[in-house]
Structure formats: C-alpha cells, structure tokens
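Q: Could you have a look at this structure, given as structure tokens, before my questions?
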C-alpha cells in the first residue's frame, strides 16, 4: 500500500511538472528553425555475445501543429539527418501553408532505419507577421501484438547565428 501511494505521488509530481512546463509563455515569432530529435531505432536490454544490445525499429510521425488561432504559417524546410549529421532527405520540396490550428504531418516508416538512434529533423517555418510558434513533436511507435512501445520527442528552437 505504501508503495502504491509513493508511485501515485511520483506520477502526480511528474504530471504537474509537465503541465507547468507546457504552460510557459511563448513569444510570437516571424519564423524559426526547430531541432527535433528522433530515433529510427532504440537500443535496449542486455548486450549479446557480440557486445550489441537489442535493437527495436520504430516508425516516426513528425507532427507540425500551427498553434496560432488566427494566422497561417509557412513551412519551408524539413531536413532529415542521420546519427552522424549526414543529410538524408528534404521532406518539404516547396513551401507548405499550414492554416490556423492546422497540422502538417511527415511519416518515416519503421522499415527506414537510415537515421539511426541519433537522427533528427530541422524544421524551418515562417509567418508574414509574428505568430504563435508551432508545436513540433516526433511520435515514435512500434505496436505489435505482444510488446508495444511509443514515446514522444519535442522540438526546440535553434538560436539564430
């Protein structure tokens, strides 16, 4: 019983701290470059006889959400880089307008493990006038019947030079 109370208290604390973090005021902007860490696969478990941990492939949904209720934003680039920083692919070949409260999605299938465990996207967006910055997240999943994993990563602003 004591253990359950402790677990509940820890979960409540984590929830409250995540909620407080999510409620931080955000400055409007006319554009930014955003760094999104993603994982084509994750290493886990114990190492095998060859010294390697187990490898699980995951699919990635990159979700770019316009959080501005009144202004559109324009996505100009979504570059995908591998663990070594090598450019793999540009996912936005021409500017894409995301309407107020709209979402643009990019999907990297589970079978594409070219990014590796240290892959990332750099997403560039612009607005004609200052707008609320988009929320950019990577939703990672591998959902077979027996054992499922899912987790989210969140982009951060790359400061201008």
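Q: Condition first: assigned to a strand (DSSP E or B) and within 13 Å of residue 113 (Cα to Cα). Now tell me which residues in the range 75-88 satisfy that.
A: Answer for the range 75-88, where residues must be assigned to a strand (DSSP E or B) and within 13 Å of residue 113 (Cα to Cα): 80, 81, 88.
Q: Let me ask you something else. Do we have any residue at all in the range 77-86 that's more than 19 Å from residue 159 (Cα to Cα) and surrounded by 14 or more Cβ atoms within 10 Å (Cβ to Cβ)?
A: yes
Q: In the range 89-102, how many residues are part of a strand (DSSP E or B) and closer than 12 Å to residue 77 by Cβ?
A: The qualifying residues number 3.
Q: Then there is this: Look through 63, 117 and report the one residue that is at pLDDT 95 or above and out of contact with any helix residue (DSSP H, G or I) (no Cβ under 9 Å at 6 or more places or on another chain).
A: Testing whether each residue is at pLDDT 95 or above and out of contact with any helix residue (DSSP H, G or I) (no Cβ under 9 Å at 6 or more places or on another chain) leaves just 63.
Q: Filter the range 44-74 down to residues that are in contact (Cβ under 8 Å) with a residue 24 or more places away in the chain and loosely packed, with under 13 Cβ neighbours inside 10 Å and give me whichever is farthest from residue 112 (Cα to Cα).
A: The extreme case among them is 70.
Q: Something else now. Filtering the range 138-161 down to residues that are under 19 Å from residue 31 (Cβ atoms) and surrounded by fewer than 16 Cβ atoms within 10 Å (Cβ to Cβ), which residue is modelled with the lowest pLDDT?
A: Of everything passing the filter in the range 138-161, 161 is modelled with the lowest pLDDT.
The values are calculated or read from the model by the stated rules, or taken from the named source; none is laboratory data. For clarity, every value in this text was computed on a predicted model and none was experimentally measured. Note: ideal-geometry Cβ built from the backbone for every residue, glycine included; neighbour counts use all protein chains shown.
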